[in-house]
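Below: one structure, written as structure tokens.
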């Protein structure tokens, strides 16, 4: 039996009809002016979504992971020192990549469920009086724990320490869904992917690169060709690509930006906040709590729900998939089994969200967890129906 | 903002991905063998879905209404007497059509919410000792009230009266979703449409025609060309169509039948029953009741929910559309305002259904109706999660 | 092996990407305002394409044949006299339909390859001093022979005879591809279909109806319900449809009109003329000639090519389909075997047309017809490349 | 105006309907069993297309260029010596990449239009008595010049020299269109891309890796994470991916392989050869010649046509795009302006090819080149129509 159940993984997200159609096009010569007509607005739109004022946008036929690799290989050299914090699976993976590329990574460990420890980061920066730290790496939204970190605060820490390090931000699961201010936050490289807030299939790494990061490009000696910003920028200047781009995804990206801006970025962010809040109300009604330690850390794109003692979040995810055809996210790494994750980003309506919450409840009951059917749904309904009026009024 | 909210109108129904793709094809010459390769399995499949053993299938580029017209114009002549019952908007419309075509319609009125009054029908047939009644018209599933009538019982009434009238059945909102037994029930013309249980867009009228009805074809003098079975059957025999068919819809119909049979027709019917029952549990939890007077009349494809005194079902439907982007059906004719309708046919999963029930609850609260948020959802969840096990087991 | 060979049948025509996507939509409630937002521009656009100034547009989920039936059943009564000419398969079929609906049809026979015989029509109208002729039926573009008739001339004939008959025009294979002037020509009902110049799949009959024809609606006694203009207009006024419309096709129609008007109707007509002329140059280079007797009769949407003595056009069509995967049209009725038909309407580019001409040549050689490979292609290339400059300049 | 003109660039190629639909799917959880059900047949099919008997398939969300980078970074270390030949733009680019990754590249220069110089390669291998050469890199089909090299011969050269170097082959524009025998030729890494013979959009690098190359994986110290075979193989073993895969493209790849194997790989190769030969006949009829120096070097996927003295191939490509909406390939690097390229790979029918040849002729005439319109088309028609019979017979 076919169904149109939404997915509730924290990416890839549900793809809107309009974007599916924009991506699904007959072959277009990527060396033709028609390609440039599609590519330029996409690049211009990315600048607006990232809040860029200067610098360049790079769009690679790759994924977020490739975006991370492009960020470091285009700015750093073997043995360079970087500073970062580990507080979830995605911050961990970036650290691992840096180590495999021969960087000297200074890691500040923080409990999973916490965000970037600003005070410790600042202390480490202040301690680095020789400015040997070349770059600070920050995961804006840790998808594994549903934790949003304070990038503006990190910039303040850098400034307070008077440290010139580059600031690289993984915004893969935040950009396009939560406010991002590349210029205001002084971000040097921001990394996004197509398959989260941009509502596209996976296949594009999207980077914003500051003038300062661009200046590091020529002295960086980590080897790269596929990811080399220099080839990319040279080809862009000639209206093209150094190799075959993912033409359909770029067409889809242009449409995505059109859709985000038609809705209004502030409305997009408000919608994500509202759906996240409804999810959290449901979680509370279930007698559970988010993995994120405090409300200021709550992510508006994904909620990692801590399951009761004796329960296994992974079982819920598996049951939802096999019995109800609904995809949630499992806990990863340290929180494997201890949480299940509800992605609430990208294309999502009240109605779609409620179907996910109702499914989670059925799974809990099926697994013998203590839950009152309809309880989380009711809490979410109450919040959604009341806040919808304001949302509709503002949209009008 | 885009969304993938399901529709809950009693047709057109949600279209599966697979069927959308099957319908969306480049132009194919309808005079080519490739068309015949697509058309023949569709026809063969229709025979199985209708439960035909003899006779012919006719597929017209039209709608259910056109199917009704084809049924009468190919078998009757001006002034012919027919017998039927009126107990909802769709049975009414067919009567109106017959009158406009100059037929002499003997109407048995029944309250809306009741089904075909078998005893009165039988009495009328018995009274017609001269056998002036040429045809009996029956609406299997009255979409306006969510009432399923007993066609097997009607056949027994005809047989008990020893009456030779043709039996025409409107199965537009039942066929493909509820058991239909054309041979067993002695149906002479069954009328279906593409946009209900077959999960296609509107655009096809699908008819099963018994040998007895085919024999009436040549003596029938009601004028018709577009709908003429004779042209259609002659062209079919030559592997073609008398005019341009809706090629994409026919490709989609072949896929629809493949999907229905892959699921298994008995499983399809069981799924519809299960989702209908879940809906009725929610309705009961809301303290409301179906328009259908007794459980034996409950339709498995649509539930017309009688709203409390002082409430207006149409307001709920309008609010659901404007505030939540969800489509329900309004009450029509005699029950306008008194009911709202939840279509639960075609492609529908537990998860999709729950999102509709949750939406209805929010609308009730928004309109100040007395309802406990989550109550209907919980009743449906409880039923769905328990019955799913059996459904999964049987499917395995 | 898959291919994207164009079709060269005179309808259904090649469907543009944009229109396929417009048609292929998730289920939309046809009773919602969203449907009305799609339907109204489609109707408004049809008025412009038909050149209407007054009257109403009717869009039926049917085909051109259904459109013909709607035209006569909404304006005429059994026994009414009509005047028309037979000069091809489609004019013949309309006559046959009228006879089956009990009309008294006065037929003027003309050789296939000729157009409407204006002088004889005028004589017949003048002879009808009692004005018993209620309607004159005209096939604007006879698809079987590739003949375009002079509707403006027919209007002049009516006026010269001072005859008040209604004028009905079958524009199924002309409207949207060749100039049509409903107001200027005094057409009372114009019939179009979705699958020709509008580049959509089959499934819509599109009619323009003059105020004079609308006034005939209530006195017309031919039975009809599915096709009844009165129900349709009443429902339109309420923003809806009397039954389920073909929502996707209507969405596609709105897109079709947008595309036609973006190109500019005059450019659309010029493009059709240019491609038709290129086809005729190829035909001449093959030493053959169009079935249309004189250049003023040449259709710009389809060329019926008279094949040499001893050759069978149907064999060419079959070989093109089986050997090369290309669809042409066979000769119908009186010209079966004597012609093959090249449709050159709807979405068609120079490049697409050349592939069809090249295919026809290969088939001729394969069948042992006397032809020089490349000869027709060269003649068409020469004309296309020279006329393209002017076309591009005008479009700029 | 819309059109469905094919493209004639040597990739991305025309995408079949079936593959477009396979790629265009709703979001599917890549951690679900449903993903594995799609991925495994794709991998198994790649093994058959590559002619693998042992080793592993790696599928990266990247492009052919990324595939090259993955090949070298997973098997080599900075300073490693490799041997290769430069005879076109793509062999050049791979050399450039190796140099940027710090490899010691021994380049044998050959004229553009020639293939891999086997004798000189063998001499270089024989001269390397210390076996310092770690890998030999070979471009199977040089897309810039339309030259196919002899990989079996290169293997013989390695064997004759008794040299243990790894053999890496760029088969981006050959695999899936021309015979490839990874096991028979002793290829250690074969690189393909999705957008050529597989008829998909760009976005996948596809690699076959021999056991010998896999053994080099752990000692290779070139840094890589995104492209790391170890992560990939570890994740595959667990039924997943180390990061988000391009799910739609993988679905499309499974369909591509199904289509290639339904046609039969030998028929696919024969079709490519036949279309290539038809192209070459046209080129000869134009009085021109392929860039490939001798018939044994002729590529069956792309023909680089040497234009007459005083003519500029790039002008032809630009005119074809702007005036006729048809994409050919320009000359690159040393042969810029001196050639234009006709891609004839992937989904392509006789009819599609003829439209490209006809377009090229019109452009030549437009540019004042000496050409007889229809001449190349006629030569191709003659060959195609005669060889089609054999092709059809064999397929039957």
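We did not get these values from a lab; they are worked out from the coordinates using the rules stated. Being a predicted model, the structure only gives us computed values, none of them experimental. Here Cβ is always computed from backbone atoms with ideal geometry, including for glycine, and neighbour counts include all displayed protein chains.
Compared with the dominant Cα axis of chain B, that is its longest principal axis, helix B:151-161 is turned about 40°.
When only C-alpha pairs under 8 Å and at least 6 residues apart count, what is the relative contact order of the stretch D:1-148, in percent? Walk me through the numbers on the way to the answer.
On the way: 132 pairs, mean separation 29.9, N = 148.
Relative contact order comes out at 20 percent.
Calculated from the alpha-carbon coordinates, the stretch B:264-395 shows an Rg and a Dmax of 14.3, 44 Å respectively.
Please report the antiparallel percentage of the DSSP beta bridges confined to the stretch D:87-176, to the nearest 5. The partial results should precede the final answer.
Values: 2 of 8 bridges.
In the stretch D:87-176, DSSP labels about 25 percent of beta bridges as antiparallel.
Relative contact order for chain D: what is it in percent, counting Cα pairs under 8 Å that are at least 6 residues apart? Before the final figure, lay out each step's value.
Details: 818 pairs, mean separation 90.6, N = 396.
After rounding, I find 23 percent.
Can you sort D:291, A:311 by how many other beta carbons sit within 10 Å, fewest first? Could the numbers behind the result be given before it?
Numbers: D:291 26, A:311 19.
The order, fewest Cβ neighbours first, is A:311, D:291.
Quick one: Cα centre-to-centre distance for the stretch A:30-84 and the stretch B:118-161, in angstrom? Distance between centres, Cα-based: 71 Å. Where both bridge residues fall in the stretch D:17-261, DSSP classifies roughly 40% of the beta bridges as antiparallel. Peptide B:340-352 has a mean shielding of 4, counted as Cβ atoms of other protein chains within 10 Å of each residue's Cβ. Could you please state, rounded to a whole Å, how far the C-alpha centre of the stretch D:263-297 is from the C-alpha centre of the stretch B:318-396? One Cα centre to the other: 62 Å. Using Cα atoms only, what is the angle between the long axis of helix D:350-366 and the major principal axis of chain D, expressed in degrees (0 to 90) to the nearest 10? It is inclined by approximately 60 degrees. Neighbour counts of C-beta atoms inside 10 Å place A:96, D:228, C:366 in the sequence A:96, C:366, D:228, starting with the fewest.
Inter-copy label distances for residue D:294: 6.7, 7.8, 9.4 nm (label point placed 7 Å from Cα along Cα→Cβ; shortest first). Averaged over the residues of peptide C:187-199, the number of Cβ atoms from other protein chains lying within 10 Å of each residue's Cβ is 1.
Remark: label point of residue B:152 defined 7 Å out from Cα along the Cα-Cβ vector; separations to the same position in other copies 6.9, 7.0, 7.0 nm, ascending. When the Gaussian network model of chain B links Cα atoms closer than 10 Å, the mean-square fluctuations of B:133, B:250, B:206 top out at B:133. Neighbour counting of Cβ atoms within 10 Å sorts the residues A:326, C:302, D:172, A:306, fewest neighbours leading, into A:306, A:326, D:172, C:302. Relative to the longest principal Cα axis of chain A, at what angle does helix A:118-127 sit, 0 to 90 degrees, rounded to 10? Roughly 20 degrees between the two axes.
Suppose the Debye formula is applied to equal point scatterers at every Cα of the protein assembly as shown; what is log10 I(q)/I(0) at q = 0.06, 0.09 Å⁻¹? Rounded to two decimals, the profile gives -0.65, -1.35. Inter-copy label distances at residue A:130, shortest first and taken from points set 7 Å along Cα to Cβ: 3.6, 11.7, 11.7 nm.
For the segment B:5-13, counting C-beta atoms of other chains within 10 Å of every residue's C-beta and taking the mean gives 5. Measuring how big chain A is from its alpha-carbon positions, Rg and Dmax come out at 21.1, 64 Å. Residue-normalised convex hull volume from the C-alpha trace of the stretch C:166-276: 122 Å³ per residue.
Please find the FRET efficiency linking residue B:152 to residue B:126, where r is the Cβ-Cβ separation and R0 is fixed at 22 Å, and quote it to the nearest 0.05.
0.75
Out of all DSSP beta bridges in the protein assembly as shown, what portion is antiparallel? Express it as a percent rounded to 5.
Antiparallel: roughly 50 percent of the beta bridges in the protein assembly as shown.
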